[in-house]
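Quick notes on the structure that follows.
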Amino acid sequence: MTINEIKTKLRALLFADIVLTPAEKDYLRVLNAGSEDDLKWAILDNGGGERMWVYIKGESAVIKGFDHESELNQFSADEWDSEFFFRVFEGMPEELYSLFTEEERDETTFCLWTTDGGQSWTEHPQKADDDSGKTWLMGYLFNSPEELCEWAKNYYEDEFPISLAKTLFAGGTPTAEEIISAVPDCDAARVLEVFSKAD
């Protein structure tokens with residue numbers, strides 16, 4: 001998966017999340033994102049003990065996740081294994097490693113990174129019989145508009161219009177008119193304002 005593909009998938013998820021989460025329940029959004037200088041970031045929290053961080057800086061990116069049910073979760077281990085973190089982060093460029101606080105590094109069950117735009121990724125899987133939450137969490141990076149809409153229907157118990165999803169997956173941003181046409185009771189101005197701050 002290239003960095004550009006990741007950006008597209010995150011934008012689509014973020015937009016759907018803003019549209020389908022009422023303003024008064026903004027704190028329940030599954031994804032928060034933003035940018036600063038050449039750094040783009042997104043933090044996913046499903047409210048069930050799983051979190052995923054995505055940081056993109058130029059041609060480099062890191063995806064780090066935490067699954068509280070994984071055997072690799074050091075907080076629930078019989079004995080804290082400091083070497084686990086050394087193995088997981090071994091070889092990671094300092095510019096990516098330094099993006100995380102020590103507390104965030106402790107919240108890790110899997111981590112992978114790239115320095116060439118996503119043409120190749122580095123990962124040090126720790127246990128063959130423990131997925132570490134990677135499949136589940138990276139599954140939020142949906143491969144198609146249809147996948148995003150199906151997930152939204154199950155997660156929010158509401159419809160995310162396929163027309164908006166297709167625009168996002170094509171790299172565009174739905175206009176206020178398109179949003180209102182697809183979701184008449186949606187506050188399009190709020191959606192676009194919140195989205196623009198994070199995009």
Open item on the list: Conditions first: (1) under 16 Å from the mean Cα position of the chain (by Cα); (2) farther than 23 Å from K40 by Cβ. N73 passes all but one, so which condition is the exception?
Closed with: (1)
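Could you go through the range 82-95 and let me know if any residue there is in contact (Cβ under 8 Å) with a residue 40 or more places away in the chain, surrounded by 13 or more Cβ atoms within 10 Å (Cβ to Cβ), assigned by TED's automatic domain parsing to the domain that holds L44 and among the charged types (D, E, K, R).
At the first step, the residues of the range 82-95 found to be in contact (Cβ under 8 Å) with a residue 40 or more places away in the chain are 84.
When the remaining residues are screened for being surrounded by 13 or more Cβ atoms within 10 Å (Cβ to Cβ), the result is 84.
Still in the list and also assigned by TED's automatic domain parsing to the domain that holds L44: 84.
From what is left, the residues that are among the charged types (D, E, K, R) are none.
The answer is no; no qualifying residue exists.
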Open item on the list: Which of the numbered conditions does V30 fail, given that it passes all the others? Conditions: (1) over 22 Å from D131 (Cα atoms); (2) aliphatic (A, V, I, L, M); (3) surrounded by 17 or more Cβ atoms within 10 Å (Cβ to Cβ).
Closed with: (1)
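Yes or no, residue by residue, for (1) assigned by TED's automatic domain parsing to the domain that holds L10; (2) charged (D, E, K, R); (3) without any contact (Cβ under 8 Å) to a residue 24 or more places away in the chain; (4) touching a helix residue (DSSP H, G or I) at 6+ places or on another chain (Cβ under 6 Å):
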site	(1), (2), (3), (4)
I63	no, no, no, no
D67	no, yes, no, no
E71	no, yes, no, no
S98	no, no, yes, no
E104	no, yes, no, no
F110	no, no, no, yes
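Conditions tested, residue by residue: (1) hydrophobic (A, V, I, L, M, F, W, C); (2) within 18 Å of the chain's Cα centre (by Cα).
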{"site": "D131", "(1), (2)": "no, yes"}
{"site": "G139", "(1), (2)": "no, yes"}
{"site": "Y156", "(1), (2)": "no, yes"}
{"site": "L164", "(1), (2)": "yes, no"}
{"site": "F169", "(1), (2)": "yes, yes"}
{"site": "G172", "(1), (2)": "no, no"}
Task: Residues satisfying the stated conditions in the range 59-84, i.e. modelled with pLDDT of 95 or more and small (G, A, S) - done: S60, A61, G65
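The values are calculated or read from the model by the stated rules, or taken from the named source; none is laboratory data. Please read these numbers as outputs of a predicted model, since none were measured by experiment. A quick note on method: Cβ atoms are made from the backbone with ideal geometry, for glycine too, and the neighbour counts reach across all protein chains shown.
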